[in-house]
Amino acid sequence: GASPAASQLLLDAVTEFEPFVLRTRLVAFKHHDKCSSVWLVPDESSLEQVKKLQEACGAVFPQPKRNKKLKKLLGFTPHMTLGQFPSEYAAKTFIALVADKLGNLTFPVQDIYLLSRPDRNSSAVDQLRVPLGTPNYNISLVSAISEYASLRKAG
């Protein structure tokens, strides 16, 4: 599970990051002539904050070497895949159809979640919330237990 030592390392790494609002935009990413994806990515105003936060977390929990090679090849592009399409034209058509609803979504980024499994074969996932910014030590024991119980229930 998520150890207190690991959560303290992550907390120390993200203390300098204040909560922020992530603004997004839609992009078509062409893999090859017969496959394109539509991604929801941070807009330019949010991208630098996301990359710096990812670097801070990566310094505490580095990726395995095989992922470093892939990261170097592709670069770090934080995104959410919304769909894959048979052509770049189809992906851009989808964007045109949903741009009014999905083109400018915003998300508050206030916490990082440390996810861990007891072992490789377990389907159980432990979650630990690590807040961005200066820690608030005025949390009551009752609210801490309540939050822990809701996270455990969420799985």
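The values are calculated or read from the model by the stated rules, or taken from the named source; none is laboratory data. Values in this document were obtained by computation on a predicted structure and should not be read as measured data. Here Cβ is always computed from backbone atoms with ideal geometry, including for glycine, and neighbour counts include all displayed protein chains. Ligands, DNA and RNA are excluded from the accessible area calculation, which covers all protein heavy atoms including side chains. Shrake-Rupley method; radii C 1.70, N 1.55, O 1.52, S 1.80 Å.
Listed residues Pro108, Pro62; which is modelled with pLDDT of 90 or more, open to solvent by 30 Å² or more (accessible area, probe 1.4 Å) and not in a helix (DSSP H, G or I)?
Pro108
The conditions are (1) at pLDDT below 85; (2) open to solvent by 50 Å² or more (accessible area, probe 1.4 Å), and Gly75 fails exactly one of them. Which is it?
It is condition (2) that Gly75 fails.
Within the set of pairs 6 or more residues apart or between chains, which connect a residue that is within 21 Å of Ser46 (Cα to Cα) inside region 3-26 to a residue that is open to solvent by 40 Å² or more (accessible area, probe 1.4 Å) and among the charged types (D, E, K, R) with Cβ atoms less than 7 Å apart?
Between residues of region 3-26 that are within 21 Å of Ser46 (Cα to Cα) and residues that are open to solvent by 40 Å² or more (accessible area, probe 1.4 Å) and among the charged types (D, E, K, R), there is no close pair.
Kindly indicate which of Leu22, Leu10, Leu40 is among the aliphatic types (A, V, I, L, M), in a strand (DSSP E or B) and in contact with a Phe, Trp or Tyr (Cβ under 8 Å, 6 or more places away or on another chain).
Leu22
Within region 92-100, identify whether any single residue is more than 15 Å from the chain's Cα centre (by Cα) and part of a strand (DSSP E or B), and answer yes or no.
Here is the first cut: in region 92-100, the residues more than 15 Å from the chain's Cα centre (by Cα) are 92-100.
Adding the requirement that they be part of a strand (DSSP E or B) leaves none.
Looking for residues that are more than 15 Å from the chain's Cα centre (by Cα) and part of a strand (DSSP E or B), one finds none in region 92-100, hence no.
Tally time: how many residues in region 13-42 are within 18 Å of the chain's Cα centre (by Cα) and open to solvent by 80 Å² or more (accessible area, probe 1.4 Å)? Walk me through it before giving the result.
First pass over region 13-42, keeping only residues within 18 Å of the chain's Cα centre (by Cα): 13-27, 38-42.
After this cut, where a residue has to be open to solvent by 80 Å² or more (accessible area, probe 1.4 Å) as well, the list is 16, 18, 23, 25.
Final tally of qualifying residues: 4.
Quick check on my filter: what residues within region 3-61 are among the small types (Gly, Ala, Ser) and over 26 Å from Thr134 (Cα atoms)?
Ala28, Ser36, Ser37
Between Leu114, Leu102, Leu82, Leu132, which is within 16 Å of Ser7 (Cβ to Cβ), surrounded by 14 or more Cβ atoms within 10 Å (Cβ to Cβ) and either of a type in the set (Lys, Arg) or modelled with pLDDT of 85 or more (or both)?
Residue meeting the stated conditions: Leu132.
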